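Worksheet: one structure, shown below.
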Amino acid sequence: MKKYFFKLLVRINNKLLPKYSGKDPSRLTKGQQAILGFRYWALINSL
């Protein structure tokens, strides 16, 4: 159940949240870093 929830969350993240894959994480604003961290956390928990 937990994996299914996180896989669904990753799909929603991919559709709704912006992608910061080509940018340097140290140059992102705090809000962008929070989004990047949330996306990473959801991805790791879905694997």
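Per-structure values
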{"read-out": "Matching residues, the stretch 36-47, being in a helix (DSSP H, G or I) and either of a type outside the set (Lys, Arg) or in contact (Cβ under 8 Å) with a residue 40 or more places away in the chain (or both)", "value": "LEU36, GLY37, PHE38, TYR40, TRP41, ALA42, LEU43, ILE44, ASN45, SER46"}
{"read-out": "Matching residues in the stretch 15-35 - criterion: being modelled with pLDDT of 90 or more, surrounded by 10 or more Cβ atoms within 10 Å (Cβ to Cβ) and in a helix (DSSP H, G or I)", "value": "GLN32, GLN33, ALA34, ILE35"}
{"read-out": "Residues satisfying the stated conditions in the stretch 12-35, i.e. of a type in the set (A, V, I, L, M) and in contact (Cβ under 8 Å) with a residue 12 or more places away in the chain", "value": "LEU17, ILE35"}
{"read-out": "Flag if ASN45 is touching a helix residue (DSSP H, G or I) at 6+ places or on another chain (Cβ under 7 Å), of a type in the set (S, T, N, Q) and surrounded by 11 or more Cβ atoms within 10 Å (Cβ to Cβ)", "value": "yes"}
{"read-out": "Residues (assigned to a helix (DSSP H, G or I) and either surrounded by 12 or more Cβ atoms within 10 Å (Cβ to Cβ) or not charged (D, E, K, R) (or both)) located in the stretch 1-10", "value": "TYR4, PHE5, PHE6, LYS7, LEU8, LEU9, VAL10"}
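The values are calculated or read from the model by the stated rules, or taken from the named source; none is laboratory data. Just so it is clear, the model here is predicted, and its values are computed rather than measured. Glycine gets a Cβ as well: all are built from the backbone with ideal geometry, and neighbour counts include every protein chain shown.
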